[in-house]
Amino acid sequence: MSKIIASAAIRGANRLYREAGEMLEKAIAGKGEEHRFEFVDTAFHLPMIYAMTGFPVKTLGDMRTALGFAKDLLHEEPSRHVWKPYLGEALDSGMATLFAEEILLALKTDAGLEPYKDPETGFVYNGFITDTIQRNLGIQLVDGTMPGFAAIIGAAPDEDTAVKIVRELQEKNILTFLSGNVKGESVTKQLLRKGVELGWDTRIVPLGPETEHTLYALDWAIRASLIFGAKKPGDYKAHLKYQKDRVFAFAMVLGELDDIIWTTGAGAINMGFPAVADTDVPVVHPSGVCIYEEVDKEFDHTKIVQKAIEVRGLKIVVEKPPIPVAYGAAFEGERIRKEDMFIEFGGQRTPAFEWVRMREMDEVEDGKIEIIGENWKELYEKGGKMPFGLIIDVAGRKMHKDFEAVIERKIHHNINEGQGLWHMGQRDLNWVRISKAAKAAGITLEHLGVIMTTMMRHRFRSILDKVQVSIYTGEKEVLGLMEEARKAYAERDSRLGSMVDESVDLFYSCLLCQSFAPSHVCIITAERLGLCGAYNWLDARAAYEIDPTGGNQPVPKGQLLDARYGRYTGVDEYLKKSTGGAVETLNLYTIMENPMTSCGCFECIVAIVPEANGVMVVQRGHQGMTPAGMKFSTLAGSVGGGMQTPGFMGIGRNFITSKKFLAGDGGIKRIVWMTKNLKESLKSAFEARAAEVGAPGLLDKIADETVAEDSEKLLEFLADVEHPALGMDPMI
Ligand code: SF4
Ligand code: ZN
């Protein structure tokens, strides 16, 4: 490593260590050593310090101890005459910097200075990234819809360049964090002035205006190995290796570098994250096992994204339909407000539906797009609203009628990924908007068809040979066809309802999360969806048909060993092999003995409440306390990482109303507490299920956070309403 870089990294670390120390002593003088601190919604204290050293910082006094660890890593700046390899010193300094920055940001948060609000513009930066967001995005990390992260530090030479760079990252579906500034100018400000929508929905997340704020991105990265990788706090080698192997992050440094940027960069290099600068920096090439450059440069801003991707070794395949707007998963979360809207379809404003129909091969003309309706062109040009019947006819040798629903669900993503296109709902409750900007860029009604033919063939390439799209715009026709579509939906639903674990020969595995949680496998049965909620049995089967060597594999059920607990020889054999022996046996229908493992991206957690002889269910993101005595974030910390934890389990939301939910433990009658959010969102399905098990009115007997957040109040409530769990067999 060059002497210039090493010296800068060492100087920067010393400075940050001093600053953190001064601020800390002031805080202790004011609030005392015992003053407690925690970042919002995390179970991992100060995550970087916790992962690297195993030391949980809970108070200001603890910060003093932790700052001592940073001190041990500091070095003196190399003198002018000495030439020796500085890599070790620089990397140590980088780590000391991350500790010091984490303490600084914690102190600022405690003092109410974070997340930072820009006094000029009123813009509020994201600040610390919560565990909830980490888990929400888990699935996108593993299924390839989010191939990596970029941290952009500094400012582009001008606004247009800033926009071009982030748009290119968006089109490649990369999540981008922004931090730092060059003499007060920053990419965040440049984008704000250009009216670019910032935030998680568009995958451009401004963390804060200083270089130090980059630490929030590293804090988020390090939690991947804690949450999904189940690496032990303190096992720093394991964490760093995990980061390097599995977290595809890189930094892009725009504008002049200073000591703080170099030292933060040295911290990131420890984690295997390289940096590409647009200035004339000394290039640091790989040494030892490292296969890519650690620091590189690219002066041409039209090439810098590609360069960074190559340096980090990312493989990105993006399929884009031929339409006149940008396209990619990063545009999925974009909203279109009424003022920005050119035209809308459905959403209770006009009759609308969407329907995927399986057809015979000779009934479908591949690539054909037809728009049917009087004066549809003029009506579209006028804007406002229009009826919309979208029928997608598909055919293929490996197509199966059951896949219609799977394919139909992709309409949502297909449309939303277009910049300036928006979709919500499904079936006959769909709602589509096209923005004024997209219209100005040349989007027509045909393009919606083009998106469908291109993306359906791409996403389902091995089951679909032909895709044809018809769009109806006449009110009468749409209403007529909608009746036909409704019949088809109803047939589908009744067929799905009859599909139970006993009636299928195969279950499916989902191995996607193994890239983050190596010993976790989801077993997806006809009545139990994956714990992230994104894959049910049909999805898994379709995914297997599409890619027989992919992340969803058939699992022959084998012999049923235990009908009550749901134990099958085939499942056990499969798990033994696919988890490298970590899981030997699994019971599908109980939480008490060898339950399903969790990776970390579960939608909900079920946890036993022994005093109440039942279980509670809390969904990801719920911030309050639960009767288990832990918040969601803490509970989640004890469930993830591919371990079987009797009494605790991560599940997909819709599993709650399945007949197989804790069937061996007494089913839904065991639920004594559930968040209001879950009670409301599952209401109709839950009530139907409760009636089936002879417990109508069960939902009202289940406590929620408005009634009890501790077990004492919970027990009072349960006794009052005579909850059935109180009279059931003891759980333990
Ligand atoms: Fe991960 Fe399971 Fe979802 Fe697959 S189904 S993506 S393994 S959580
Ligand atoms: Zn997962």
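Any read-out appearing in this document is the output of simple, stated calculations on the displayed coordinates, not a laboratory observation. Quantities reported herein were computed from a predicted structural model and do not represent experimental measurements. With ideal geometry, Cβ positions are generated from the backbone for all residues, glycine too; neighbour counts draw on all protein chains shown.
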Going Cα to Cα from residue 398, which lysines come in below 27 Å? Please leave out same-chain ones fewer than 8 positions away.
320, 368, 410, 466, 487, 557
Modelled label reach - residue 158, point 7 Å along Cα→Cβ, segment 296-332 residues with backbone N closer than 19 Å:
299-305
Starting at the first residue of segment 203-220, write each ³J(HN,Hα) from the Karplus equation 6.51 cos²θ - 1.76 cosθ + 1.60 with θ = phi - 60°, in whole Hz, x for Gly and Pro.
6, 10, 10, x, 8, x, x, 9, 4, 3, 5, 4, 4, 4, 5, 5, 5, 6
With the dipole of segment 131-312 worked out from charges on the C-beta (+1 for Lys and Arg, -1 for Asp and Glu) around the Cα centre, which of 264, 141, 253 lies farthest toward the positive end?
141
Only helical DSSP H runs with n ≥ 4 go in: add -39500 (n - 2.57) per run for the chain, normalise by residue count and round the 222 nm mean residue ellipticity to 500 deg cm²/dmol.
-11500 deg cm²/dmol
Please work out the FRET efficiency for the pair residue 35 and residue 118, using the Cβ-Cβ distance as r and a Förster radius of 22 Å; give the result to the nearest 0.05.
0.20
Nearby aspartates and glutamates by direct alpha-carbon distance to residue 669 (threshold 13 angstrom, same-chain neighbours under 8 apart not counted)
687, 692, 700, 722, 729
Residue 561 versus residue 676: modelled label distance in nm, points set 7 Å from Cα along the beta carbon direction:
4.5 nm
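Determine the dipole magnitude for segment 329-497: charges of +1 sit on the beta-carbon of Lys and Arg, -1 on that of Asp and Glu, nothing else is charged, the reference point is the Cα centre, and the result goes in debye to the nearest 20.
Details: 28 positive and 29 negative charges, 100 e Å.
For segment 329-497, the charge dipole is close to 480 debye.
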Name the residue from 460, 187, 165 whose Cα lies farthest towards the positive end of the charge dipole of the chain, charges +1 on Cβ of Lys and Arg and -1 on Cβ of Asp and Glu.
460
Between the alpha carbon centres of segment 442-517 and segment 211-272 the gap in Å comes to 40 Å
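How far, in nm, would the chain grow between residue 337 and residue 659 when pulled straight, counting 0.36 nm per residue and subtracting the alpha carbon separation? Mind showing how you got there, number by number?
Values: separation 322, 0.36 × 322 = 115.92 nm, distance 4.07 nm.
Here the answer is 111.8 nm.
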Residues whose placed amide H lies under 5 Å from that of residue 507, excluding near-sequence neighbours:
555, 557
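At 0.36 nm per residue, and after removing the present C-alpha to C-alpha distance, how many nm does the segment from residue 400 to residue 446 gain when stretched out fully?
Details: separation 46, 0.36 × 46 = 16.56 nm, distance 2.73 nm.
Net length gain for the segment: 13.8 nm.
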Charge dipole (the chain, unit charges on Cβ, about Cα centre) - positive-most of 240, 618, 552
552
Defining a contact as two alpha carbons under 8 Å apart and six or more residues distant in sequence, what relative contact order in percent does segment 482-561 show?
29 percent
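Check segment 147-232 and count each lysine pair with an alpha-carbon distance under 25 angstrom, considering only pairs eight or more places apart or from different chains. Please report the intermediate quantities before stating the final value.
On the way: 164/172; 164/183; 164/189; 164/194; 172/189; 172/194; 183/194.
Qualifying lysine pairs in segment 147-232: 7.
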Using the per-residue mean of other Cβ atoms lying within 10 Å as a proxy for protection, in what order, highest first, do the peptides 174-180, 164-170, 202-208, 423-429 fall?
174-180, 202-208, 164-170, 423-429
Amide hydrogen neighbours beyond the local backbone of residue 347, cut-off 5 Å, H modeled
430, 431, 432
Going residue by residue through segment 104-116, the Karplus relation 6.51 cos²θ - 1.76 cosθ + 1.60 with θ = phi - 60° gives ³J(HN,Hα) values, rounded to whole Hz and with x marking Gly or Pro, of 4, 5, 4, 5, 5, 4, 4, 8, x, 8, 10, x, 5
Along segment 415-429, what does the Karplus equation 6.51 cos²θ - 1.76 cosθ + 1.60 (θ = phi - 60°) give for ³J(HN,Hα), rounded to whole Hz, x for Gly and Pro?
6, 4, 6, x, 5, x, 10, 9, 9, 9, x, 7, 6, 9, 10
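Pairwise over distinct Cα atoms, reciprocal of the mean inverse distance: report the Kirkwood radius of the chain in Å, one decimal place.
Details: mean 1/r = 0.0360 Å⁻¹.
Taking every pair of different Cα atoms in the chain, averaging 1/r and inverting gives 27.8 Å.
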Where in segment 451-468 does the label zone of residue 317 land, with the point 7 angstrom along Cα→C-beta and an amide N cut-off under 17 Å?
454-465
Taking each pair of distinct Cα atoms in segment 1-106 once, what is the resulting Kirkwood hydrodynamic radius in Å?
14.4 Å
Given 497-504, 225-232, 645-652, 123-130, the highest-first ranking by average Cβ count within 10 Å works out to 225-232, 645-652, 123-130, 497-504
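Over the chain, what is the mean sequence separation of C-alpha contacts under 8 Å (at least six apart), divided by residue count, expressed as relative contact order in percent? Spell out each step's value before the answer.
Details: 1559 pairs, mean separation 73.1, N = 732.
After rounding, I find 10 percent.
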Treating only the Cβ atoms of Lys and Arg (+1) and Asp and Glu (-1) as charged, compute the dipole magnitude of segment 131-312 about its Cα centre; round to the nearest 20 debye.
700 debye
Just to confirm my numbers, what's the Cα centroid distance between segment 108-177 and segment 411-434 in Å?
25 Å
Dipole magnitude (debye, nearest 20) for the chain, charges at Cβ of Lys, Arg, Asp, Glu
640 debye
Mean-position separation - Cα centroids, segment 616-635 and segment 669-732, in angstrom
16 Å
Under 19 Å from the Cα of residue 676, which lysines turn up, not counting those fewer than eight places away in the same chain?
631, 701, 713
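Going by average Cβ neighbours within 10 Å, how do the peptides 315-321, 143-149 rank, with the highest at the top? Numbers along the way, then the final one.
Details: 315-321: 12.7, 143-149: 19.4.
The packing order, highest mean first, is 143-149, 315-321.
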Check residue 642: other-chain or 5+ apart residues with amide H under 5 Å from its amide H, H built from backbone geometry?
598, 599
